Amino acid sequence: MRKATILSFTLLLVCGLPSGILAKGKTTKEIIVSGNKQRGYYLFAPEKPSANKPLPLVVLLHGSGRNGMSLVEKWDDLGDKEQLLLVAPDSINPAQWTFGADGPDFLGDLVEELKGKYPVDARRVYLFGHSAGAIFTLMIALIESEYFAAAAVHAGALRPADYKFFDYAKRKIPVALFVGDRDPLFPLNIVKATRDAFASRSFPIEFIEIPNHNHWYYDRATKINEQVWLFLKQHALTADARFEHYQINK
């Protein structure tokens, strides 16, 4: 009888939940086929998502030499608290994000897949990236300015050669730049140049200098993420999300 009771309870947990909603906040490793390739990503859903309130979605782009888990595990507590759906894809080459191979189409495919499975608020889909992921976040934010509501980065900047991506932006997407005052890879003058490039083109831009902080995101992630979310959640698309497809020479 005891075994039967345990089995019944287990079946209730597995079968009695709405489709697409996890029983409790946790991260799972998932696979999507995009561009005829299997791509891995990490997905976090909050513990008790509201059935009647669409979820904001934050797309997290990892740093060089890491994978999506390195970011989502730093965001999951905030995800539960703020009722956020988090998705953290792996780049094809862990050392970098590559235009064409890793986006924009792959990221668009991923977001649309999640929209079909979860109650995503399509006007509140955001980007966050660290280091190599930060550089790619800034490029994707400009290319898909009518698809993502806002973007924030830690320890990243655009190179002058990347300023060409400003020409793709059909909307002045809000952007926040977080950087430590002791970052050896992205010194303040480099990040400030990116800030000025956005500001000179009338983009809403915020620059947050973190005192006594270097490039290492992970020890301060909790505090940084809270500040990032305070920025992101202020913004939403005022029209339906529009994804732009491009012909990309791979």
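Each value in this text was obtained by applying a stated rule to the coordinates, not by laboratory testing. For clarity, every value in this text was computed on a predicted model and none was experimentally measured. No Cβ is skipped: glycine too gets one built from the backbone with ideal geometry, and neighbour counts run over all protein chains shown.
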* From the backbone phi of region 95-112, what are the Karplus-calculated ³J(HN,Hα) couplings (6.51 cos²θ - 1.76 cosθ + 1.60, θ = phi - 60°) in whole Hz, Gly and Pro given as x? -> 7, 6, 10, 10, 5, x, 5, 9, x, x, 4, 4, 5, x, 4, 5, 4, 5
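From the cross-link list LYS26/LYS53; LYS26/LYS81; LYS164/LYS233, which pairs have alpha carbons spaced over 18 Å apart?
Values: LYS26/LYS53 20 Å; LYS26/LYS81 13 Å; LYS164/LYS233 28 Å.
Distance filter (> 18 Å) returns LYS26/LYS53; LYS164/LYS233.
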* For the chain, with a Gaussian network of springs between Cα atoms less than 10 Å apart, report the residue from ALA151, ALA88, ALA101 with the top mean-square fluctuation. => ALA101
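Expressed in nm to one decimal, what extension gain is obtained for the pair ILE190 and ALA95 from 0.36 nm per residue of sequence separation less their Cα-Cα distance? Walk me through the numbers before you get to the answer.
Values: separation 95, 0.36 × 95 = 34.20 nm, distance 2.10 nm.
Gain in length upon complete extension: 32.1 nm.
Quick check on the exposure proxy: order ILE140, ILE32 from fewest to most C-beta atoms within 10 angstrom.
On the way: ILE140 25, ILE32 17.
With the sparsest Cβ surroundings first, the list reads ILE32, ILE140.
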* Go from 0 up to the bin containing the longest alpha carbon distance in region 20-232, width 10 Å each, and give me the % of pairs per bin. => 9, 38, 38, 14, 1
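Using a Förster radius of 22 Å, what is the FRET efficiency between ALA199 and GLU226 based on their Cβ-Cβ separation? Nearest 0.05, please.
About 0.35, to the nearest 0.05.
Let me have the 222 nm mean residue ellipticity of the chain computed from DSSP H runs of 4+ only, each contributing -39500 (n - 2.57), with the sum over all residues rounded to the nearest 500. Each step should come with its number before you reach the end.
Working: 6 runs with 78 residues, N = 250.
Taking each H run of at least 4 residues, the total per residue is -10000 deg cm²/dmol.
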* Please report how far the C-alpha centroid of region 118-195 lies from that of region 57-77, rounded to the nearest whole angstrom. => 15 Å
* **Burial ordering of ARG171, ARG201, fewest other beta-carbon atoms within 10 Å first** => ARG201, ARG171
